[in-house]
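One structure is given here, and the rest of the page talks about it.
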Amino acid sequence: MGGKITIIPTSHKLGSSLNLLGVIIPSSSCIKLIGSFKWFIRSIMEKRQAHSPMEMLREHIKSYLPTILLGLMSLVIVDILQLFIPIVLKDAINFLTQSIPNPNAFLKYPISILGLAVSIAVFRYFWRYFILGQAKAFERDLRSKLYGHTQKLSIGTIESHTTGDIMARFTNDLNAVRMAAGMGLVALVDGTLLGLAALVFMLHINPTLTALCLLPMPFVAVITKVLTSRMGRGFEASQKDFANLTEKVREAISGIRVLKSFSQEEWGAGRIQMAARLYAQTNLSLARHLSFFLPLTAIFTNISLCILLSFGGRQAILGELDAGQFVAFLSYLGILTWPMMAVGWVANLFQKGKAALIRITAILNEEEEEYERKEHLEPPHAQEITIRDLSFSFNGSHFMLFVPELRIPLGKSVAIVGRVASGKSTLLNIIARLIQVPPNRIFYGTLDVTEIPLCHWRRLFGYATQEPIIFSTTIEENISFGRPKKGEEDLKDLLNSSGLTLDKDIQEQPQRFLIELGLNLSGGQRQRVSIARAIYDNPEILILDDALSMVDVKTERHVLQTILSKRKGKTNIIVSHRPSVLMMVDYIYVMDAGQIVEHGKPQELIAKKGYFYSLYLQEKIRG
């Protein structure tokens, strides 16, 4: 008995080893490092882990270190130049308070401020170019890596995520990472440098007054610590709700014909409204936490201003502080206000970026299919495909596929028949290795198929399913599917083999452009385009998984007869719910409830008057 195979979506709890993300907050004589910055530093110092958030940051910093350093140098220069403006103002105020100020001599002060302003603008352009540029590059590199990795995931892994969830990681999550790596980094460094520098200048002017004005700062640190811990959980929930909303919108758009045909537009809109309402509620909860930041920081900033006016004004009146020093101190207090006011914004950016990067790396940590190997083992010549002791079930499903033994002779035509949900498509997906199985279950001749690289194994197959995928391009390009195009005669022969010559508009217009999902074709036409794609290269093994279910019996019989006559000596595996059209195949397997209940040649099964015979009679009765 084979072991039970279960498809289990991989779950990576990447956030379990990470600190809560916070912000830098100026307080008394230092800049407090909490949450976000701790996590950022730890990401550089911790041991490497493949595709962890730390590893992603390390790789990015290593790749763009010169660009980041140039941007930070430009930012530092801008901050230093800003710190000189209060000094110029101080000297200008003191100059004006002289008994007889000289108007011509005073011109040097506005000229100095103008020069500083121009220099600030120039270097501000540079830091935006370098720092925001590397953030865009980080987003681009992550998107490319995420897309490339997604293409290599198994079908089971892809199907464990909704389309909306994957789309959200490519859009909303990547945008959050870019903002954190760009403006988040700017605000972090800018706030740290300006806060420390302003503090130094204030201490130089008047240490006592500085100590008094900084009394409210510790309260901001405590508030930030509490609120950012709550916001971290909220941002992760928000991004999941956004993914759910994206999926509901995608379903409504792709299923618009069904909604309209059943007059269920209101029902479809209601599903989107429910998802949107949940997303809005999550974000409103976040907004409530975030809304505390600006009012509270504004309150404590104004308290500092009151302290300055009360004590600093008194010192200025008593002559302990000249007018220029008072104005300069006021300017530096304003500069110190920016890091406090930016606390909420920085926390917001880093919390979003952290949650997004964890979600992105969770996808990147999903195991890829081993599509190619170094040895490039080609499948040898074989006589049959053999399945032994195969047992399979989907995770969380009661369905069980059990096949003790099944032989498909190569070069012959084999049919698989059975009721809906009897396991036919699952069995075909296992044979084509779209669903992976353990070793020693499927053999190609005497060779275990798991020893054959997927790239070589899947090249043996042409596969057409009941639900064809049609792309927004021409009919011919949908059929060629990126392969070298055929000549006009070969294309006509291909259209004839797939039954598309029965439709004159397709036969005469292979360059006809198809809209999304091929909705300007009928269901049967889409299926035949899919069959033409499957037989394009005349594969060694052709699988038609109920690929003609949307055409009438006469058309299905015509298409199968044409294909089988032109593919003599090739292997054809056909699934159909119409037993009468399968009388032309060499061998038939009958499935029910995940098991092979009958097998033999068509006439033998009719003579047995068993399960296949009952299906055959039911079709005859239905006409």
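Throughout, read-outs are computed from the coordinates displayed, never taken from laboratory work. Keep in mind that what you see is a predicted model, and the values were worked out from it rather than measured. Virtual Cβ from ideal backbone geometry, glycine too; neighbours counted across all protein chains shown.
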inquiry  = Cut-off under 14 Å on the C-alpha distance; same-chain residues fewer than 8 positions from residue 568 excluded. Which aspartates and glutamates are left, in chain and number order?
reply    = 540, 586
ask   = Using the per-residue mean of other Cβ atoms lying within 10 Å as a proxy for protection, in what order, highest first, do the peptides 468-480, 151-163, 171-183 fall?
value = 171-183, 468-480, 151-163
inquiry  = Just want to confirm a number: the relative contact order over the chain, from Cα pairs under 8 angstrom separated by 6+ residues, in percent.
reply    = 17
task = Return the Rg/Rh value of the stretch 26-364, two decimal places, where both radii are evaluated on C-alpha atoms and Rh is the Kirkwood radius.
result = 1.09
message = On a 28 Å Cα-Cα criterion, which of the cross-link pairs 485/570; 492/620; 145/354; 424/608; 260/620; 248/352 come out too long?
response = 492/620; 260/620
remark   = Here the net charge surrounding residue 244, from other residues whose Cβ is less than 12 Å away from its Cβ (Lys, Arg +1; Asp, Glu -1), is +1
key: Ellipticity estimate at 222 nm from DSSP helix runs (n ≥ 4, -39,500 (n - 2.57)) divided over the chain, nearest 500   = -18000 deg cm²/dmol
message = Sequence gap at least 6, Cα distance under 8 Å: using those rules, report the relative contact order of the stretch 467-538 to the nearest whole percent.
response = 51
remark   = Along the dipole axis of the chain (charges at Cβ: +1 for Lys and Arg, -1 for Asp and Glu; origin at the Cα centre), the most positive-end residue among 524, 408, 318 is 318
remark   = Log10 I(q)/I(0) at q = 0.13, 0.17 Å⁻¹ for the stretch 467-538, from Debye over equal alpha-carbon scatterers, is -0.29, -0.51
ask   = So what is the relative contact order of the stretch 26-364, in percent, for Cα pairs below 8 Å that sit 6 or more residues apart?
value = 32
task = Enumerate the whole-percent occupancy of each 20 Å bin, from 0 to the last occupied one, for all C-alpha pair distances of the chain.
result = 15, 35, 25, 15, 8, 1, 0
inquiry  = Let's see if you can work this out: charge +1 on each Lys and Arg Cβ, -1 on each Asp and Glu Cβ, no other charges. What is the dipole magnitude of the stretch 467-538 about its Cα centre, in debye to the nearest 20?
reply    = 100
Ordering of 545-552, 184-191 by burial proxy (mean other Cβ atoms within 10 Å per residue, highest first) = 184-191, 545-552
inquiry  = Using the basic label-point model (7 angstrom from Cα toward the beta carbon), what is the residue 419 to residue 305 distance in nanometres?
reply    = 7.8
query = When the distances between all Cα atoms of the stretch 243-371 are binned every 5 Å from zero, what whole-number percent does each bin get?
reply = 2, 8, 10, 10, 9, 9, 9, 9, 7, 6, 5, 5, 4, 3, 2, 1, 0, 0
remark   = DSSP beta bridges in the chain: the antiparallel percent, rounded to 5, is 55
Dipole in debye (nearest 20) - the chain, about Cα centre, beta carbon charges: Lys, Arg +1; Asp, Glu -1 = 580
key: Efficiency of FRET between residue 370 and residue 95 - r from beta-carbon atoms, R0 60 angstrom, step 0.05   = 0.20
